[in-house]
Amino acid sequence: MSVALRLSAPAMAACFILLFVSMLNDADPAVFLVTDRTPVMGLTMLQLAATSTGGAVAAFGVIQMAITLAVLGAGRIFLGVRAHA
């Protein structure tokens, strides 16, 4: 049992990272999570884009990219992946 868990841990971590990145960019599940008190970043970006507020949408895009890079970097550290030069 412990051998199977040790072998599947990197694959599960990679799956969770890929799922996080795909869910961060997907707006369909966010529709079910949004309320007046809990705005979701993807839908807020769409609302701002509809009202022609380009600077705010660009700022949200930079924040979203920073979050994605932080999660991918943490995943590389967790999985022990090294860049090949």
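The values are calculated or read from the model by the stated rules, or taken from the named source; none is laboratory data. All values derive from a computational prediction rather than experimental measurement. As a convention, Cβ positions derive from the backbone with ideal geometry for all residues, glycine included, and neighbour counts pool all protein chains shown. In case anyone asks, the SASA skips ligands and DNA or RNA and just uses the protein heavy atoms, side chains included. Shrake-Rupley method; radii C 1.70, N 1.55, O 1.52, S 1.80 Å.
Between V62 and L19, the FRET efficiency estimated from the beta carbon spacing at R0 = 25 angstrom works out to 0.65. Spacing of the modelled spin labels on L79 and V31, each 7 Å from Cα toward Cβ, amounts to 3.1 nm. Only one item in (1) 12.4; (2) 13.1; (3) 15.1 matches Kirkwood radius over Cα pairs in Å derived from the coordinates shown, and that item is (3). Dividing the mean sequence gap of close Cα pairs (under 8 Å, 6+ apart) by how many residues the chain holds gives a relative contact order of 31 percent.
The residues of region 26-74 present an accessible area of 69 Å² per residue when probed at 1.4 Å with all protein chains retained.
Here the accessible area is traced with a 1.4 Å probe on the protein chains. For the chain, carbon and sulfur cover 72 percent of it.
Among the complete DSSP H segments of the chain, which ones combine at least 18 Å of alpha-carbon extent along their axis with a mean Kyte-Doolittle hydropathy of -1.0 or more?
Taking the DSSP H segments of the chain (at least 18 Å long, mean hydropathy at least -1.0), we get 2-24, 54-79.
Tally Lys and Arg at +1 and Asp and Glu at -1 over the other residues with C-beta under 15 Å from the C-beta of V34: what net charge comes out? Here the count lands on -2.
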